[in-house]
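Each remark here refers to the structure printed beneath this line.
The values are calculated or read from the model by the stated rules, or taken from the named source; none is laboratory data. This one's a predicted model, so the numbers in the text were calculated from it and none came from an experiment. Here Cβ is always computed from backbone atoms with ideal geometry, including for glycine, and neighbour counts include all displayed protein chains. For accessibility, only protein heavy atoms count, side chains too; no ligands or nucleic acids. Shrake-Rupley method; radii C 1.70, N 1.55, O 1.52, S 1.80 Å.
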Amino acid sequence: MTTPLHTLHIRLEAFWQSWGTRSAFNDRDSLTRPTKSGLIGLLAAADGHDRDEHRTEGDDYLPLTTLAGLRFGVRADRPGSLVHDFQTSGGGHYPLRPRDLITDPTRADRAADALETATGPTFGRLDTPRLADWYGAPKNIAPHPDTHTLVAGNTNRHPQLSLRWYLADAAFLAAVESPDRTLLRHLARRLEQPRRLLWLGQKHCAPTQPLYHGLHQGSLETTLATTPLLPRSRPAPTHAWIEVPHTTPGAINVNDQPLSYASHHRVHGPRWEKRITLTPPEKP
């Protein structure tokens, strides 16, 4: 007897989305549709997944192999438009304030006398070789392990320039398929009550609609074909990309199968997908 398939639908809609496959450092690309790596990463974050999978007692998030083993598909109801944004952060000359100096006790000790002489105990600009060009927005602030005073882990004063691509005003219906309905119900609950903040590709790409869009009996192809189009979608037919075996005629190779999300060791592998055309019903 064949085990019935079940499919979890996830609504991906936002002002901006970004689904990169070759992003490196300050050059961030985006495909014109969500990637499996991005979608599985979103589910992992909702489940409270640790990037390095360093489990401590009581951790009950699903292993990455379980999530990555789900069959993936996505339907483009509103493809959106590719836009790019040139961003600059950090660098430059900024007012130096005493309250900034307390984040770095070593620098504060060196600057204390000169600061008091030049600007007094309140606000001002300090022109001294010791603090020239200092940028008044330290990053990675955390308590010092010995003194417990706040210390800036990053006081880099050089500007960071980046080119970032986004999909503007897009809406997709993503889906993951499994014979394990209990697993999909668990992920559905996590989408409604996530353990971590959820983004559509990059941080600051916040979803504008609820992510959970139903749990259905049936395969990816069947449920994506019969679920009504999302609001403001373009008229049917529409395209969908479905994960398939590599022997499927017309399948293409994509390199977005997540193997590791570790901060310093992200790894992706190949998988196969096929683009199909669907004619979903209009939303009643």
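Here are the numbers for this structure:
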item: Stretchable slack from Thr65 to Ile252, in nm (0.36 nm times residue separation minus alpha-carbon distance); result: 65.1 nm
item: Charged-residue dipole, Cβ positions (Lys, Arg, Asp, Glu), region 156-284 about Cα centre, Debye nearest 20; result: 540
item: Amide H contacts of Arg71 (H built 1.01 Å from N, under 5 Å, at least 5 apart or other chain); result: Glu177
item: Restricting region 1-42 to trypsin sites (Lys or Arg not before Pro) in coil, as DSSP defines it, with at most 16 other Cβ within 10 Å; result: Arg22
item: Probe 1.4 Å, accessible area per residue of region 197-284, Å²; result: 58
item: Residues of region 6-67: accessible area per residue with a 1.4 Å probe, Å²; result: 44
item: Within region 221-284, GluC sites (Glu not before Pro) in DSSP loop having at most 12 other beta-carbon neighbours inside 10 Å; result: Glu282
item: DSSP-loop trypsin sites (Lys or Arg not before Pro) across region 231-284, with at most 13 other Cβ within 10 angstrom; result: Arg232
